1. Could you please find all residues in segment 71-80 being modelled with pLDDT of 75 or more and assigned to a loop (DSSP other than H, G, I, E, B)?
2. Specify the residue that is farthest from V72 (Cα to Cα); the eligible residues are those in segment 17-33 that are outside any loop (DSSP other than H, G, I, E, B) and modelled with pLDDT under 90.
3. If you check V36, V58, which single one turns out to be in contact with a His (Cβ under 9 Å, 6 or more places away or on another chain), modelled with pLDDT of 75 or more, surrounded by 13 or more Cβ atoms within 10 Å (Cβ to Cβ) and β-branched (V, I, T)?
Amino acid sequence: MAVATCELSWLRFFKKDLCVKHPQPARLLCDNQATVYIATNSVYHKRTKYIEINYGTVRERIQRGEIKTSHVRTGEQVALIY
């Protein structure tokens with residue numbers, strides 16, 4: 001999610017440079033409910049102390065209103081790669 005968030009942020013800056021307005025937050029879908037919960041919840045979790053930087057990046061973009069995360073079932077995940 002952190003890598004996808006960085007890519008979405010880059011795309012937003014690129015669109016801004018091209019004078020293309022995109023007022024809605026970008027939608028970021030994830031098939032892991034725990035990941036979506038940790039990214040949107042600002043409470044510190046002891047088990048996530050080693051990945052706090054990645055979730056901090058995602059959480060910061062959510063709070064700014066740049067992205068919106070939601071859960072998608074694994075079978076419906078478009079970007080699923082085997």
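1. Matches in segment 71-80: V72, R73.
2. If we filter segment 17-33 for residues that are outside any loop (DSSP other than H, G, I, E, B), which is where we start, we get 17, 26-30, 33.
Narrowing further to those that are modelled with pLDDT under 90: 26-30, 33.
Working: A26: 15, R27: 11, L28: 10, L29: 6, C30: 6, Q33: 8 Å.
This residue is A26.
3. Details: V58 fails: in contact with a His (Cβ under 9 Å, 6 or more places away or on another chain).
V36 is the lone residue from the list that is in contact with a His (Cβ under 9 Å, 6 or more places away or on another chain), modelled with pLDDT of 75 or more, surrounded by 13 or more Cβ atoms within 10 Å (Cβ to Cβ) and β-branched (V, I, T).
Listed here are the residues, each with its yes/no results for (1) at positive phi; (2) modelled with pLDDT of 65 or more; (3) of a type in the set (A, V, I, L, M, F, W, C).
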site: H45; (1), (2), (3): no, no, no
site: K49; (1), (2), (3): no, no, no
site: I53; (1), (2), (3): no, no, yes
site: I62; (1), (2), (3): no, yes, yes
site: G65; (1), (2), (3): yes, yes, no
site: T69; (1), (2), (3): no, yes, no
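The values are calculated or read from the model by the stated rules, or taken from the named source; none is laboratory data. None of these values were measured; they are calculated from a predicted model. Glycine also receives a Cβ, built like all others from the backbone with ideal geometry; neighbour counts cover every protein chain displayed.
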